[in-house]
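Quick one: the structure is below, questions incoming.
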Amino acid sequence: MKAPMSVHTQAAAAKKAHPLSAFWHALRKYKALYLLMLPGFIWYFIYKYLPMYGLIIAFKNFNFAKGIWGSPWVGLKHFEFLFSYPDFYRIVMNTLLMNVYELLFSFPAPIILALLLNEIKSMLFKRSIQTIVYFPHFLSWVVFGGIVLQLLSPNDGIVNQIRMALGLDPIHFMVMSDYFRPIVIISLIIKESGWGAIIYLAALSSIDPEQYEAATIDGATRWQKLIYVTLPGIRNTIILLLILKIGTMLDYGFEQIYVMYNPSVYDVGDVLSTYIYRIGLQDARFSLTTAIGLFQSVIGFVLIWSANRLARRYSDNALW
């Protein structure tokens, strides 16, 4: 004859049998935390999920007078146009290349900066440097991009003034395709590296100091401490941010490109976000731009899912 189950065992079995009851139990137990999360959830629901219903515009010939539901269905017509439009592949390639360059050069910059700041022992000097490198982040791209354009101006920009002082001819940087991408990436590094380093500095502060003490006792050099203690200590943070970055490979910052580019560099500088702005708002082709946005979202989802699978397979950390 089986012994009767205890009250706690019965409750645990009920929760296992009914996941919904376990959810309500957790909701009651952590209600204060869920209340703190509620404003963020409402914001995401209103601004991220409700607008999704407008995606049907991609399958319609949208007309303001008829509205979304009254506009005629055209099926995959806009997608067929995109994939048969030669400039679309050039714009996608521009977007991918800009993101690859950012991944290669801009993504490691905050990590390197955080590692360098972490080695500074003087707190006064360290905070002074942090203030200097954080400041550009708080400038809008309209302001920061204007500073870059002024510095590179062929007439009175300081870069060309130095070139002319050395007996060299001025260069029209912003109308030459060969210079546009490097300028965009370098300006991005200068503007955002300091702010991005905050996350890595927080991760560095969580490393147990006893690990450094043990490494010192073992005779490890500063370089060996960096390789075997510091980098493994922030590896999970790097992986998470890398996954998120890979998920946005078909999306590049609109403000930066829009402020800095011009028709002379459309061949290398025109990305999906600026193309959507031009044909969507200026030419009022809303259905076509919605189709492009849906294409971006689907590819972004596939990329972030694939990156997360790889991270889960080859490391102990992933988004889900």
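The values are calculated or read from the model by the stated rules, or taken from the named source; none is laboratory data. Since the model is a prediction, treat every value here as computed from it, not as a measurement. Note: ideal-geometry Cβ built from the backbone for every residue, glycine included; neighbour counts use all protein chains shown.
Going by the structure shown, is T237 in contact with a Leu (Cβ under 7 Å, 6 or more places away or on another chain), within 27 Å of L113 (Cα to Cα) and polar (S, T, N, Q)?
Taking the combined requirement at face value, the residue does not satisfy it.
Now for a different question. State which residue is surrounded by the fewest Cβ atoms within 10 Å (Cβ to Cβ) when the search covers only the range 152-176 and only residues that are in contact with a Phe, Trp or Tyr (Cβ under 9 Å, 6 or more places away or on another chain) and assigned to a helix (DSSP H, G or I).
Top of the filtered list is V159.
Hey, I207 hits all of (1) part of a helix (DSSP H, G or I); (2) surrounded by 12 or more Cβ atoms within 10 Å (Cβ to Cβ) but one; which does it fall short on?
Result: I207 fails condition (1) only.
Considering every residue within the range 231-249, establish whether at least one is closer than 21 Å to F79 by Cβ, surrounded by 14 or more Cβ atoms within 10 Å (Cβ to Cβ) and either over 22 Å from the mean Cα position of the chain (by Cα) or not assigned by TED's automatic domain parsing to the domain that holds I112 (or both).
no
Considering only residues of the range 280-320 that are assigned to a helix (DSSP H, G or I) and of a type in the set (F, W, Y), which is surrounded by the most Cβ atoms within 10 Å (Cβ to Cβ)?
Here the answer is F286.
Still on this structure, I have one more. Does the range 217-225 include one or more residues that are under 30 Å from L55 (Cβ atoms), surrounded by 13 or more Cβ atoms within 10 Å (Cβ to Cβ), touching a helix residue (DSSP H, G or I) at 6+ places or on another chain (Cβ under 7 Å) and not aliphatic (A, V, I, L, M)? Walk me through how you get there before you give the answer.
Restricting attention to the range 217-225, the residues satisfying the condition of being under 30 Å from L55 (Cβ atoms) are none.
Checked the range 217-225: no residue is under 30 Å from L55 (Cβ atoms), surrounded by 13 or more Cβ atoms within 10 Å (Cβ to Cβ), touching a helix residue (DSSP H, G or I) at 6+ places or on another chain (Cβ under 7 Å) and not aliphatic (A, V, I, L, M).
Let me ask something else about it. Do any residues in the range 272-288 that are within 16 Å of N94 (Cα to Cα) have Cβ atoms under 8 Å from those of residues that are outside any helix (DSSP H, G or I), where the two are at least six apart or on different chains, and which pairs are they?
L272/L250; L272/D251; L272/Y252; S273/D251; S273/Y252; S273/G253; T274/Y261
So in the range 128-151, with the set limited to residues that are within 11 Å of M260 (Cα to Cα) and aromatic (F, W, Y), which one is surrounded by the most Cβ atoms within 10 Å (Cβ to Cβ)?
F144
Can you give me the number of residues within the range 211-226 that are without any contact (Cβ under 8 Å) to a residue 40 or more places away in the chain, among the hydrophobic types (A, V, I, L, M, F, W, C) and out of contact with any Lys or Arg (no Cβ under 8 Å at 6 or more places or on another chain)?
Residues of the range 211-226 that are without any contact (Cβ under 8 Å) to a residue 40 or more places away in the chain, as a first pass: 211-221, 223-225.
From the residues that got through so far, the ones that are among the hydrophobic types (A, V, I, L, M, F, W, C) too are 214-215, 217, 220, 223.
Filter once more, so that each one left must be out of contact with any Lys or Arg (no Cβ under 8 Å at 6 or more places or on another chain): 214, 217, 220, 223.
Matching residues across the range 211-226 total 4.
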